[in-house]
Amino acid sequence: MRAVLLIAGLAAFGAAALLLAGCQQDPVSPPVLKITEHAEAANPNAGLSSERFIGDAPRVEVTGYPDRPRFYALARTPAIEKFPCTRCHTMPLEKMRTAAGAPRRAHWDVTLEHAPAAVMTCATCHSPEAPNSLRTLQQQPVDFDHSYQVCAQCHNRQASDWSAGAHGKRVGGWAPPRVVYPCAQCHNPHHPRWETRWPAVGGRQQ
Ligand code: HEC
Ligand code: HEC
Ligand code: HEC
Ligand code: HEC
């Protein structure tokens, strides 16, 4: 009876079923039975998880890619030393600014070498009124932990590749949950280009 049921179930698998049907005389060996049970379990990944390799680094669920299976990006705010920005930005920017020509009073280390000045200024991504979040070209606020949404507006192709796992880096193992580096983990948004470098040659590097 069990063998009949088994064959009926396996028929759906086409060619694979033919192979297995050859073994139906013998009682099903435990490993095959186990695999079948796992395949039918509610968790399609048979209970495998990358969780212990990812550790407890804070992460956020990536939004805006409804066609992709759910995935996560490491949170950036814990890594941004000057966050929250409102520690200093307690008044309108005009009042904080030094007079034109005078040395800057903050962010000496931030210089924009990204796109031509006609295309991009600080205010393209930062909101002078609400410095604790970024913003889109349509002035919609974007959390620093979701800064990939800001990049994706202009770098649609790379962002799409990234959402599919073809650009960037995945953390942990191949089992779920899928957690990736956000764009800002690798690219400094203020000068995002990578230096040109020679490929490493084993044993011959200086
Ligand atoms: C330690 C204090 C401090 C912190 C923290 C701080 N800022 Fe500022 N920020 C300033 C001051 C002061 C200025 C005005 C600088 C000037 O023009 O002399 C400024 C200016 C700016 C400007 C305008 C620069 C320009 O040239 O137009 C931007 C944009 C900005 N800050 C973004 C941020 C963001 C985003 C954060 C948080 C991630 C942040 N700041 C955190 C002190 C701070
Ligand atoms: C292309 C979008 C973009 C532009 C243009 C831009 N920023 Fe940023 N900025 C970001 C993002 C994204 C972060 C968060 C980076 C991270 O996650 O580490 C950030 C972080 C910062 C920070 C906090 C980290 C730090 O380096 O101190 C400051 C301050 C800041 N920006 C100031 C500025 C100023 C001033 C300008 C103009 C000269 C500017 N930004 C232009 C996207 C931008
Ligand atoms: C408003 C549109 C805009 C936004 C937003 C934007 N970029 Fe860019 N980005 C550009 C332009 C324009 C260039 C210059 C392209 C060129 O020189 O050919 C550029 C250049 C780059 C480059 C170098 C490309 C190359 O071919 O070497 C990288 C990397 C990059 N951006 C990453 C980012 C990241 C990461 C973010 C988000 C923090 C971001 N960009 C946000 C418009 C944008
Ligand atoms: C794991 C690190 C990493 C992450 C995460 C990452 N990039 Fe890159 N990106 C790279 C490297 C490495 C290159 C190649 C640089 C080179 O060839 O000079 C690159 C190249 C680029 C370029 C240049 C054009 C190209 O396709 O080669 C753009 C634009 C860019 N990335 C945007 C993004 C955006 C937008 C995101 C987030 C959606 C992102 N990157 C996430 C590492 C990363």
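Listed by first and then second residue, the pairs linking a residue in the stretch 172-189 that is over 27 Å from L134 (Cβ atoms) to a residue that is surrounded by 17 or more Cβ atoms within 10 Å (Cβ to Cβ), with Cβ atoms under 9 Å apart and 6 or more places separating them unless they lie on different chains, are G173/S50; G173/I54; W174/S50; A175/S50; P176/S50; P176/F71. The set of residues from the stretch 51-78 being hydrophobic (A, V, I, L, M, F, W, C) and modelled with pLDDT of 95 or more comprises V60, V62, F71, A73, L74, A75.
Only one of the numbered conditions (1) within 14 Å of ligand 3 (Cβ to nearest atom); (2) more than 22 Å from the chain's Cα centre (by Cα) is violated by C154, and that is (2). The set of residues from the stretch 119-137 being over 22 Å from P92 (Cβ atoms) and not aliphatic (A, V, I, L, M) is empty. R157 falls short of the stated requirement of being away from ligand 1 (no atom under 16 Å from the Cβ), at negative phi and buried (at least 18 other Cβ atoms within 10 Å of the Cβ). Residues that are in contact with a strand residue (DSSP E or B) (Cβ under 8 Å, 6 or more places away or on another chain) and at pLDDT 95 or above: does the stretch 184-203 have at least one? So far as the stretch 184-203 goes, yes, one or more of its residues are in contact with a strand residue (DSSP E or B) (Cβ under 8 Å, 6 or more places away or on another chain) and at pLDDT 95 or above. Residues that are modelled with pLDDT of 95 or more and aromatic (F, W, Y) were ranked within the stretch 160-183; the one that is farthest from ligand 1 (Cβ to nearest atom) is W162.
Of the residues in the stretch 123-141, not one is more than 24 Å from T63 (Cα to Cα) and aliphatic (A, V, I, L, M).
Listed by position, the helices (runs of 4 or more DSSP H) inside the stretch 71-186 whose residues that are hydroxyl-bearing (S, T, Y) number at least 1 are 122-125, 148-154, 156-164. Among residues of the stretch 106-129 that are over 18 Å from R193 (Cβ atoms), none has a beta-carbon under 7 Å from a residue that is among the acidic types (D, E) at least six positions away or on a different chain.
When we screen T90, T86, T136 for residues that are more than 8 Å from ligand 2 (Cβ to nearest atom), of a type in the set (S, T, N, Q), surrounded by 13 or more Cβ atoms within 10 Å (Cβ to Cβ) and more than 30 Å from P176 (Cα to Cα), the only hit is T136. Picking from residues in the stretch 160-189 that are surrounded by fewer than 15 Cβ atoms within 10 Å (Cβ to Cβ) and within 11 Å of ligand 3 (Cβ to nearest atom), the one that is farthest from R52 (Cα to Cα) is N188.
Within the stretch 79-106, if we keep just the residues that are more than 30 Å from W162 (Cα to Cα) and in contact with a Cys (Cβ under 9 Å, 6 or more places away or on another chain), the residue that is modelled with the highest pLDDT turns out to be A106. What about F71, is it more than 9 Å from ligand 1 (Cβ to nearest atom), surrounded by 13 or more Cβ atoms within 10 Å (Cβ to Cβ), among the aromatic types (F, W, Y) and assigned by TED's automatic domain parsing to the domain that holds H167? It is true that F71 is more than 9 Å from ligand 1 (Cβ to nearest atom), surrounded by 13 or more Cβ atoms within 10 Å (Cβ to Cβ), among the aromatic types (F, W, Y) and assigned by TED's automatic domain parsing to the domain that holds H167.
The values are calculated or read from the model by the stated rules, or taken from the named source; none is laboratory data. Please read all numbers here as calculations on a predicted model, not as lab measurements. Note that each Cβ is placed from the backbone with ideal geometry, even for glycine, and that neighbours are counted across all protein chains shown.
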